[in-house]
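Down below is the structure, laid out as structure tokens.
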Amino acid sequence: MTLTALASACVLASGSALAQTTDSRAQTLETVTVTGTNLYDNIGYTRRSTSAGTGLTLTQKELPQAISIVTEQRIRDQNLDSIEEVLRNTTGISARNIDSERVSFESRGFRINSFQYDGIPTLNRDGRWYFGEGRLNTAIYDRVEVIRGANGLVTGSGNPGASVNFVRKRADSREFTGSVSGTLGSWDKRGTTVDLSTPLSASGDVRGRFIGGYEEGGAHLDREDKRRTFGYGVINADVTDATTLSLGFDYQDSHTSSPTWGGLPLWFSDGTPTNYSRSFSVAPDWSYYDFESEKVFAEISHQFDNGWQARLVGTHEETDMDGKLAYPYVEGALPDRADGSGVFFYTGWNRGHREVDSVDAQASGPFELAGREHELVIGASYSDQSNDYENTFIDGFQVDDFNHWNGAAPNEGWAPFTPSEASSTRQKAVYSAARFSLADPLTLIAGARYTEWNGMTEFRRLDRQSQYEVTPYGGLVFDFNDTYSAFASYTEIFEPQDYLDINGRYLDPVVGKSYETGLKAAWFDGLLNGSFSIFRIEQDNVAAALPCRARQARPKRCIPPPKASKAKASKWS
């Protein structure tokens, strides 16, 4: 209910009371319905406020960093049905396809390795292992928030490219509502999505929501076929007028048959370009890539009478990757233009399992100091993530006529799976930030995060490392008027790395500084937002590769490209 509507309702109530005291006759008043807009909801293609970046509830103009928010409305209107499509259409984000399935996202020259779900971080440190993040269906998300630049205050360790937060939908309807939508597209793409909300109690204090769907087709490569299934269920319960409990489960499954592993040869052996057709594939007919993820989460939040709010959220996530693949190795053996000979394939069957357990507790609200009102957020988080990989191989094979290959290839003799690599990461952190109103047009945001980071990697041997770091954050925002503002921010970078030096010891964490300044605008009462920023990033301890021949020992990350060994072939995916 808006303030104006509330005032109107009070005037109406006062008027009716006065009429009853002056007129003894019974009167029947018409029903008056007052509606308002929740300032925290998505409005079309924008959102008036967000807690991304600092944990404080701010408008986009009040945040001293570049931010992009892709809302549910925009996702539907542009049919951005996967995370890959959302990020490809997000300002400042670029997507790079490694092959037909794997995709990496970059911002400001850095690979994005920080993904959050309802503010809970999942860190993908190693870009060699892909768990299908780009294939996740977006029907279950209320919005996707992208903070460009370093975001150590909220995420802890990570690079200064960007952090992406996926915010799930909630069961917020006290009436039964639902929708069914369908998709038809090129290359026989088709799918259906169902979204149902219903009260689970007579009062509507307990509500449920289910979102599910199935999709197949849409692959333009020969022999390739895609299927995707997803389901999401959430229950919201108003325990009291001020306390809400949420319980949810998120399941996504993706299967691709005959995906490529790597790319096409660009040149024939005579030096002329290959110019293969768009549908030409280098995938065997037996290859596949599967991803399956399950996420369980619980959240309880409470609104205090003094304007403060507290939130506790926990999640358990399990993700599996299974890829049986082959790729053409063409160094020094390019295909012959006339008969297509000269291409040799290497194989690899890789499986991985990732588990994440995370908890985050946070409290925020206003406080008074020096006659002005300010805001404060304090929080603590814990995250435990493990990754396990195993693989196997068969002998490589040569294709007689690569130019007209139909995908037929040997698929016998796979050895038993053997452990390939295992890693775990544990983070404990406490953080706090405050927004000080220095003057009517000037605000200061200052905060810091203390992180205890412990990592273990087993690759040919067991290695451990522990790091402790304080990551400060500061930002100034000056409002020229209700529409335009200028901002400047500073934060530090902290990213442990699993690269080894020439003696086989871990390199020190990457540390550095990130500076950003610019202008922001909020037109039409915040319905249209714009920003212009300039940034500078400084980093120390960045790893640089040495030639393998310069080392007597070959620790991790010094494996040469495959020449003849089938075991080495899959390592360079």
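The values are calculated or read from the model by the stated rules, or taken from the named source; none is laboratory data. Every value quoted in this text rests on a predicted model; they were computed, and no experiment measured them. When we count neighbours, we look across all protein chains shown, and the Cβ atoms used for this are built from the backbone with ideal geometry, even at glycine.
Below is a table of values for the structure above.
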item	result
Matching residues in the range 209-227 - criterion: being more than 30 Å from F402 (Cβ to Cβ) and surrounded by 19 or more Cβ atoms within 10 Å (Cβ to Cβ)	R209, I211, G213, E215
Scope the range 276-323; condition surrounded by fewer than 18 Cβ atoms within 10 Å (Cβ to Cβ) and part of a loop (DSSP other than H, G, I, E, B); matching residues	Y276, S277, R278, S279, F280, D285, W286, F304, D305, N306, G307, W308
Scope the range 490-532; condition of a type in the set (A, V, I, L, M, F, W, C) and without any contact (Cβ under 8 Å) to a residue 24 or more places away in the chain; matching residues	F524, F532
Condition met for R426 (within 19 Å of K513 (Cα to Cα), at pLDDT below 95 and either assigned to a strand (DSSP E or B) or among the charged types (D, E, K, R) (or both))	no
Number of positions in the range 374-404 that are of a type in the set (A, V, I, L, M) and more than 30 Å from the chain's Cα centre (by Cα)	2
Flag for H316 being free of Cβ contacts under 8 Å to residues at least 60 places away in the same chain and of a type outside the set (A, V, I, L, M, F, W, C)	yes
Filtered residue count, the range 328-376, keeping only those that are over 30 Å from P410 (Cα atoms) and either not assigned by TED's automatic domain parsing to the domain that holds T425 or not hydrophobic (A, V, I, L, M, F, W, C) (or both)	15
Residue in the range 259-278 that is within 27 Å of F417 (Cβ to Cβ), of a type in the set (K, R) and under 32 Å from the mean Cα position of the chain (by Cα) present	no
Hey, A434 surrounded by 16 or more Cβ atoms within 10 Å (Cβ to Cβ), modelled with pLDDT of 95 or more and among the small types (G, A, S) or not	yes
Flag if R190 is surrounded by fewer than 17 Cβ atoms within 10 Å (Cβ to Cβ) and basic (K, R)	yes
Failed item, numbered, when R464 is tested on (1) without any contact (Cβ under 8 Å) to a residue 24 or more places away in the chain; (2) in a loop (DSSP other than H, G, I, E, B)	(2)
Among (1) surrounded by 17 or more Cβ atoms within 10 Å (Cβ to Cβ); (2) within 30 Å of A380 (Cβ to Cβ); (3) touching a Lys or Arg at 6+ places or on another chain (Cβ under 9 Å); (4) touching a residue at least 60 places away in the same chain (Cβ under 8 Å), the one test that D172 misses	(1)
Selection count, the range 195-233, where residues are outside any strand (DSSP E or B) and in contact with a strand residue (DSSP E or B) (Cβ under 6 Å, 6 or more places away or on another chain)	5
Selection count where residues are under 24 Å from D41 (Cβ atoms), surrounded by 15 or more Cβ atoms within 10 Å (Cβ to Cβ) and in contact (Cβ under 8 Å) with a residue 60 or more places away in the chain, scope the range 77-92	3
Residues satisfying the stated conditions in the range 533-551, i.e. loosely packed, with under 12 Cβ neighbours inside 10 Å and at pLDDT 80 or above	I534, R536, D540, A544, A545
Counted residues, the range 376-408 - those being closer than 29 Å to I445 by Cα and among the β-branched types (V, I, T)	2
Any hit, the range 276-290, residues being in the same structural domain as V399 (by TED's automatic domain parsing), touching a strand residue (DSSP E or B) at 6+ places or on another chain (Cβ under 6 Å) and more than 30 Å from P335 (Cβ to Cβ)	no
Residues of the range 396-431 classified as in contact with a strand residue (DSSP E or B) (Cβ under 8 Å, 6 or more places away or on another chain) and either surrounded by 14 or more Cβ atoms within 10 Å (Cβ to Cβ) or within 30 Å of P472 (Cβ to Cβ) (or both), total	19
Test: residue in the range 407-427 that is closer than 30 Å to Q60 by Cα and of a type in the set (A, V, I, L, M, F, W, C)	no
Checking F480 against (1) modelled with pLDDT of 95 or more; (2) buried (at least 16 other Cβ atoms within 10 Å of the Cβ), the condition it does not meet	(2)
Filter result (crowded, with 19+ Cβ neighbours inside 10 Å and not in a strand (DSSP E or B)) within the range 234-261	S258, P259, T260, W261
Entirely in the range 87-177, the strands (runs of 3 or more DSSP E) that have 3 or more residues that are under 19 Å from S514 (Cβ atoms), at pLDDT 90 or above and in contact with a strand residue (DSSP E or B) (Cβ under 7 Å, 6 or more places away or on another chain)	103-107, 141-148, 162-168
Those residues of the range 521-532 which are buried (at least 18 other Cβ atoms within 10 Å of the Cβ) and either in contact with a Leu (Cβ under 8 Å, 6 or more places away or on another chain) or under 30 Å from N454 (Cβ atoms) (or both), in sequence order	A522, S531
Selection from the range 499-527 of residues that are within 24 Å of the chain's Cα centre (by Cα) and of a type in the set (A, V, I, L, M)	V510, V511
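One line per residue, one yes/no per condition, for (1) in contact (Cβ under 8 Å) with a residue 40 or more places away in the chain; (2) farther than 30 Å from F280 by Cα:
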{"residue": "V377", "(1), (2)": "yes, yes"}
{"residue": "A380", "(1), (2)": "yes, yes"}
{"residue": "G396", "(1), (2)": "yes, no"}
{"residue": "V399", "(1), (2)": "yes, no"}
{"residue": "G407", "(1), (2)": "yes, no"}
{"residue": "V430", "(1), (2)": "yes, yes"}
{"residue": "A439", "(1), (2)": "no, yes"}
{"residue": "A446", "(1), (2)": "no, yes"}
{"residue": "G455", "(1), (2)": "yes, yes"}
